[in-house]
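Have a look at the structure below, then the notes.
The values are calculated or read from the model by the stated rules, or taken from the named source; none is laboratory data. Keep in mind it's a predicted model, so treat the numbers as computed, not measured. Positions of Cβ are generated from backbone atoms using ideal geometry, with glycine treated the same way; all protein chains shown enter the neighbour counts. Calculation scope for accessible area: heavy atoms of the full protein, side chains included, ligands and nucleic acids excluded. Shrake-Rupley method; radii C 1.70, N 1.55, O 1.52, S 1.80 Å.
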Amino acid sequence: MKYVQLGKTGPQTSAFGLGCMGMSGMYGPSDRTESLATLHAAVDAGITMLDTGDFYGMGHNEMLIGEALRDIPREKVQLSVKFGAQRDPAAGWIGFDARPAAVKTALAYTLTRLGVDYIDIYRPARLDPSVPVEDTIGAIADMVKAGYVRYVGLSEVGSETIRRAAAVHPIVDLQIEYSLMSRGIEEDILPTVRELGISVTAYGVLSRGLLSGSALMGAGDFRAHSPRFQGDNAERNAALAAALQKVAESKGMTASQAAIAWVAAQGSDIVPVVGARKRHQLEESLKALDFSLTREDIATLEAAIPKGAAAGGRYAEAQLAHLDSEKRKAG
């Protein structure tokens, strides 16, 4: 495993993070035993960053990781936790709460579910439009001073919000979608975080399975509501994925490995967070780190999936309208 500095003020972390969301049903049913085995395999492989959210499976994900941590020394992992998304008993999404009191309450529950004394990187999952970001970050900063949080991160916010947050407390990373199919951060957000010395932890590097050929898993798979998996969009995106696979095979890689390697090649300040929920998926993904792409390789991959070629938005329009990271485009 390779290791990189997370932002100019953050810790050393693995050059590859494990996204744990899929272990709590977001992609259809998951297997507890296999999930725990995958978490252990990731740590054994040298992965330090485990990414979760307190709303993944209504707390299920944190409790699952907490169970795994009973057999894993705490210092071997860096827990990256998102908070604030509000859900109802039917698992519907009903808003976001990043008020200072809510920040501290959410953290208290997270520490209990995970069974730990501190969180390595704590971040609001989205910008709460009713709360100044300075108040939210200030509350996390209070928890840093108290020893319950080590570092502060952000998720899915735009350049103006990033600057405002960084003026309150050092930010080590921005978690945001970045892949061959989703390159929107390159124009404005990526230059901003690089100017400020903030790393990117990139999720969606496989475009939620589009680039790896992962089929929808039936009831409970949230991708069924994603524009990129619907109708003509699905067919057009499948053609792009097939083009990527052809190029990848010519270079001795799988499509998944090529997609991950492309993200990793964009800079040492970008850490791919891959949502492998089974050991064989993790093993395949990890092999992407064995490939060092040349400029020619990168150009060939980008020719297979040109910038802006993906059909459909990365979220439904109603969700995109609430993403601070997308506001610049709308304006």
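Listed values, structure above:
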quantity: Volume per residue of the C-alpha convex hull in the stretch 75-222, rounded to whole Å³; calculated: 140 Å³
quantity: Rounded Å value of the spacing that divides the Cα centres of the stretch 121-162 and the stretch 1-56; calculated: 21 Å
quantity: Kirkwood hydrodynamic radius of the stretch 70-162, Cα pairs, Å; calculated: 13.8 Å
quantity: About the Cα centre, charge dipole magnitude for the chain (Lys/Arg +1, Asp/Glu -1 at Cβ), debye; calculated: 80 debye
quantity: Mean projection area, nm², convex hull over Cα of the stretch 134-197; calculated: 4.4 nm²
quantity: Helical contribution to [θ] at 222 nm, DSSP H n ≥ 4, -39,500 (n - 2.57), averaged over the chain, rounded to 500; calculated: -11000 deg cm²/dmol
quantity: The chain: relative contact order as a whole-number percent, Cα under 8 Å and 6+ apart; calculated: 20 percent
quantity: Peptide ranges 166-173, 29-36, 271-278 listed from the most packed, as the mean C-beta count within 10 angstrom indicates; calculated: 271-278, 166-173, 29-36
quantity: Contour minus Cα-Cα distance for Ser250 and Asp31 (0.36 nm per residue); calculated: 75.4 nm
quantity: Per residue convex hull volume, Cα atoms of the chain, in Å³; calculated: 124 Å³
quantity: Stokes-Einstein diffusion coefficient of the stretch 12-114, Kirkwood radius over Cα pairs, 20 °C, 1.002 mPa s, in µm²/s; calculated: 151 µm²/s
quantity: Highest average packing first - 104-110, 246-252, 259-265, 44-50, Cβ atoms within 10 Å; calculated: 259-265, 44-50, 104-110, 246-252
quantity: Sulfur and carbon atoms: percent of accessible area, the stretch 226-318 [1.4 Å]; calculated: 48 percent
quantity: Which listed pairs, of Lys82/Lys104; Lys2/Lys76; Lys8/Lys327; Lys2/Lys287; Lys251/Lys287, have C-alpha distances above 19 Å, in listed order; calculated: Lys8/Lys327
